Amino acid sequence: AQKITQTQPGMFVQEKEAVTLDCTYDTSDPSYGLFWYKQPSSGEMIFLIYQGSYDQQNATEGRYSLNFQKARKSANLVISASQLGDSAMYFCAMREVNTGNQFYFGTGTSLTVIP
Amino acid sequence: DTGVSQNPRHKITKRGQNVTFRCDPISEHNRLYWYRQTLGQGPEFLTYFQNEAQLEKSRLLSDRFSAERPKGSFSTLEIQRTEQGDSAMYLCASSRPYPTANTEAFFGQGTRLTVV
């Protein structure tokens with residue numbers, strides 16, 4: 001089974017609007033971390049935001065927030081006030097504390113911000 | 001610049017040749033990861049080191065692939081007898097010591113390999 005599932009291959013958003021990128025995950029480890037990375041065309045993976053499995057509140061970092069619904073095993077990324085520079089690939093990733101040390105990545109969502 | 005550095009950025013090689021990539025992690029990071037990313041896919045785990053010890057290898061890492069981190073600092077990834085299917089972006093990442101779930105990995109800009 002896929003550890004991370006991103007069902008939106010491509011998304012479009014109008015500049016200054018908000019957009020939600022979906023991510024669901026699968027794990028039996030009670031302790032895990034969820035991450036979102038941005039990958040511009042240059043190729044570098046840029047860390048955006050983190051959510052721990054025991055965190056009570058949704059994570060926020062500037063214009064990024066993570067909508068964490070543990071029972072549904074979803075960790076959607078919300079980008080508010082989209083900017084042209086937000087156009088990139090976005091990857092959801094998970095790291096399990098007790099069962100491994102690698103990061104599992106989804107297939108990504110390509111976000112295009114329209115002026 | 002104190003980020004993760006990868007060299008070369010691009011490599012074109014003929015099928016059957018050997019190639020070697022280098023990764024310099026962030027200096028205080030003791031964990032180092034190699035990932036492979038093909039077009040339209042997310043990064044796939046290859047292997048990781050804690051200091052100089054290679055602690056985990058993916059089944060993707062065939063016997064043509066070898067990774068080293070001799071002094072616990074920089075790492076090399078070698079691919080022997082390259083095949084066209086090896087064409088991909090090879091990403092290196094590092095993370096802080098004694099990571100817990102909330103330790104993010106910092107990635108380099110990758111080495112794009114094209115096998116012709």
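The values are calculated or read from the model by the stated rules, or taken from the named source; none is laboratory data. As the structure is a computational prediction, the values presented were derived from the model and not from experiment. Positions of Cβ are generated from backbone atoms using ideal geometry, with glycine treated the same way; all protein chains shown enter the neighbour counts. Just the protein is used for accessible areas: all its heavy atoms, side chains included, with ligands, DNA and RNA removed. Shrake-Rupley method; radii C 1.70, N 1.55, O 1.52, S 1.80 Å.
Among the conditions (1) farther than 18 Å from B:Gly40 by Cα; (2) surrounded by fewer than 21 Cβ atoms within 10 Å (Cβ to Cβ); (3) within 11 Å of another protein chain (Cβ to nearest Cβ), A:Phe35 misses just one, which is (2).
Does A:Ala75 meet the test of being farther than 19 Å from B:Ala93 by Cα and either at pLDDT below 95 or not in a strand (DSSP E or B) (or both)? Break it down stepwise before answering.
Details: farther than 19 Å from B:Ala93 by Cα: yes; either at pLDDT below 95 or not in a strand (DSSP E or B) (or both): no.
Judged against the criteria, A:Ala75 is not a match.
Note on region A:96-115: residues that are within 7 Å of chain B (Cβ to nearest Cβ) and assigned to a loop (DSSP other than H, G, I, E, B) total 6. Just one of (1) in contact with a Phe, Trp or Tyr (Cβ under 6 Å, 6 or more places away or on another chain); (2) at negative phi fails for A:Gly108. It is (2). Of the residues that make up region A:53-76, is at least one more than 11 Å from chain B (Cβ to nearest Cβ), at positive phi and out of contact with any Asp or Glu (no Cβ under 7 Å at 6 or more places or on another chain)? Scanning region A:53-76, I find at least one residue that is more than 11 Å from chain B (Cβ to nearest Cβ), at positive phi and out of contact with any Asp or Glu (no Cβ under 7 Å at 6 or more places or on another chain), so the answer is yes. The set of residues in region A:39-48 being surrounded by 14 or more Cβ atoms within 10 Å (Cβ to Cβ) and small (Gly, Ala, Ser) consists of A:Gly43 alone. Residues in region A:4-25 that are open to solvent by 60 Å² or more (accessible area, probe 1.4 Å) and under 23 Å from B:Leu91 (Cβ atoms): A:Pro9 alone. When residues in region A:63-84 are screened for being surrounded by fewer than 15 Cβ atoms within 10 Å (Cβ to Cβ) and either among the hydrophobic types (A, V, I, L, M, F, W, C) or free of Cβ contacts under 8 Å to residues at least 24 places away in the same chain (or both), 6 of them pass.
Screening A:Gln102, A:Gln83, A:Gln57, A:Gln69 for residues that are closer than 26 Å to B:Gln54 by Cα and of a type in the set (S, T, N, Q) leaves exactly one candidate, A:Gln102. Every residue in region A:20-51 that is assigned to a strand (DSSP E or B), of a type in the set (Ser, Thr, Tyr) and either touching a Ser or Thr at 6+ places or on another chain (Cβ under 7 Å) or at positive phi (or both), please. A:Thr24, A:Tyr32 - these are the residues of region A:20-51 that are assigned to a strand (DSSP E or B), of a type in the set (Ser, Thr, Tyr) and either touching a Ser or Thr at 6+ places or on another chain (Cβ under 7 Å) or at positive phi (or both). Contact map, region B:47-74: residues that are free of Cβ contacts under 8 Å to residues at least 40 places away in the same chain and within 17 Å of B:Cys23 (Cα to Cα) paired with residues that are open to solvent by 40 Å² or more (accessible area, probe 1.4 Å) and in a strand (DSSP E or B), Cβ distance under 7 Å, separation 6+ or inter-chain. Pairs shown: B:Thr47/B:Gln54; B:Thr47/B:Glu56; B:Thr47/B:Lys57; B:Tyr48/B:Leu55; B:Tyr48/B:Glu56; B:Phe49/B:Leu55; B:Ser66/B:Glu78; B:Ala67/B:Gln54. Step by step: first the residues of region A:49-62, then only those that are closer than 20 Å to A:Glu96 by Cβ and touching a strand residue (DSSP E or B) at 6+ places or on another chain (Cβ under 8 Å), then the one that is most open to solvent (accessible area, probe 1.4 Å). Which residue is that? Ranking the qualifying residues of region A:49-62, first place goes to A:Asp55. Taken over region A:85-115, the residue count meeting the criterion of being open to solvent by less than 10 Å² (accessible area, probe 1.4 Å), under 16 Å from A:Gln8 (Cα atoms) and among the aromatic types (Phe, Trp, Tyr) is 2.
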